[in-house]
Amino acid sequence: MTSPARRSGSRERHAVAWLPEEWRDCMAQWGEPTFRAQQIFQWIHKHGVLDVEQMTNLSRPLRARLREHGLQSPLCEESVRRSSDGTRKLLLRLSDGLAIECVLIPRANLEDSDLDDDEDELDADQPGLAGGPSERPVTLCISTQVGCAMGCVFCASGQAGLKRGLGAQEVVSQFILARRHLDEGERIKNIVFMGMGEPLHHYAETAQSIRLLTHPLGIGLSPRRITVSTVGLISGIQKLGEDFAGKIGLAISLHAPDGPTRSRIVPMNDSQPLAELIEALRRYPLPKRRRITIEYTLIDGVNDQVAHARQLAQTLRGLPVKVNLIPMNPIAASALRAPQAGAVEAFRRELALLRVSCSVRQTRGDDVDAACGQLALGSALRVQSSSE
Ligand code: SAH
């Protein structure tokens, strides 16, 4: 299907990734009334309908034309695994046979410090999203690439390498399909770009997917309820800040307090030096009272000493941050180990003493391989042949 408005530059956009204005251009070209644009956009994004036949308020000839032009779901659901803690992991098959995963995480499983302090205020000024008192909030963790090119040595996706980036239609379809697996009374209230892949590596698609997820005619999520987690691609951080006026939450996978330690585990550090990254964080136009999350995967004997905690406090001085400590989940591709339990507590205590806001991330969904760094193990990175 050819996009009349080629906002993505050289590549054609899949129709599921079109904004209402792109649908309006298309309807004008087809000689259809303008209001059709809004109807189609709402079917896809508000109602999550990707099957043209179910778009019952469209005329039959228009439905046929949409189908002819290839409007259909860019991915299909292959399996859903449910953890004993309520976490659900969806395995989704892309049209080229590759696969990705996304994870629904009920809020009850999230420690409070994973959330923003001003969470309740966000609810207050977002009546449409606040829901009733009985509503149970869920966070959706989505993927942006099949595999990853960043090569972090402790991460399964990083060790598997990059197959390809996802189009915005594949990013937003994770939301559309995952929403179907909510339990009664649950609602997706936050989205974290923390699944497979580096969201700022394919910035244009990530930005388009944020525009789609936040569009008031569709899903209508508040930008403040979206967090992009990045290894620290400096120009991408800058663009995100400019394009969304600092409203998108930022999580930085720092993992080390100094350049040499970081380069050992995060190869990208060599081209995105730590000092410049910290400068980019200072310039991020964060709204008042919001903080940047610093993700710090603790690895036995590499970055988990009290001296590292002290140095980290120094490195982060003056920045509005909260540190999220993640005890490493061991992976087959690496001999690196999880930290000793005592090391995690000592690290946390030292940061607290130095008045750095800090929490330890609870492992969620590890019985279905949905914990950090465990996505896309096994079959997900392989193309499934038609005979399988
Ligand atoms: N590329 C992005 C988002 C994907 S990873 C980024 O780097 O932020 C999401 C988080 O999980 C990152 O902080 C990542 O470093 C962490 N992670 C990856 N593998 C892990 C593992 N084996 N154990 C613990 N955390 C891991």
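Mind listing whichever residues of segment 51-75 are in contact (Cβ under 8 Å) with a residue 24 or more places away in the chain and either open to solvent by less than 20 Å² (accessible area, probe 1.4 Å) or in contact with a strand residue (DSSP E or B) (Cβ under 8 Å, 6 or more places away or on another chain) (or both)?
Applying the first criterion (in contact (Cβ under 8 Å) with a residue 24 or more places away in the chain) to segment 51-75 yields 62, 65-66, 69-71, 73-75.
Hits for segment 51-75 are Leu62, Leu66, Leu71, Pro74, Leu75.
Here's the yes/no breakdown for (1) surrounded by fewer than 18 Cβ atoms within 10 Å (Cβ to Cβ); (2) modelled with pLDDT of 95 or more; (3) in a helix (DSSP H, G or I):
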| position | (1), (2), (3) |
| --- | --- |
| Ser173 | no, yes, yes |
| Asn190 | no, yes, no |
| Leu200 | no, yes, no |
| Ala207 | no, yes, yes |
| Ser235 | yes, yes, yes |
| Gln238 | yes, yes, yes |
| Ile252 | no, yes, no |
| Ala256 | no, yes, no |
| Ser263 | yes, yes, yes |
Q: May I ask you to list the residues in segment 314-347 that are under 27 Å from Leu281 (Cβ atoms), open to solvent by 20 Å² or more (accessible area, probe 1.4 Å), within 12 Å of the ligand (Cβ to nearest atom) and of a type in the set (S, T, N, Q)?
A: Asn329
Q. Can you name the number of the only condition in (1) closer than 21 Å to Pro285 by Cα; (2) in contact with a Ser or Thr (Cβ under 9 Å, 6 or more places away or on another chain); (3) open to solvent by 10 Å² or more (accessible area, probe 1.4 Å) that Ala245 fails?
A. (2)
Q: Scan (1) more than 15 Å from the ligand (Cβ to nearest atom); (2) within 13 Å of the chain's Cα centre (by Cα); (3) not aromatic (Phe, Trp, Tyr) for the single condition Ile252 breaks and write down its number.
A: (1)
(Q) Please verify whether Gly161 is more than 10 Å from the ligand (Cβ to nearest atom) and touching a strand residue (DSSP E or B) at 6+ places or on another chain (Cβ under 8 Å), treating the condition exactly as stated. (A) yes
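The values are calculated or read from the model by the stated rules, or taken from the named source; none is laboratory data. Computed from a prediction, not measured in an experiment: that's the story for all the values here. Here Cβ is always computed from backbone atoms with ideal geometry, including for glycine, and neighbour counts include all displayed protein chains. Keep in mind that these areas ignore ligands, DNA and RNA; they rest on the heavy atoms of the full protein, side chains included. Shrake-Rupley method; radii C 1.70, N 1.55, O 1.52, S 1.80 Å.
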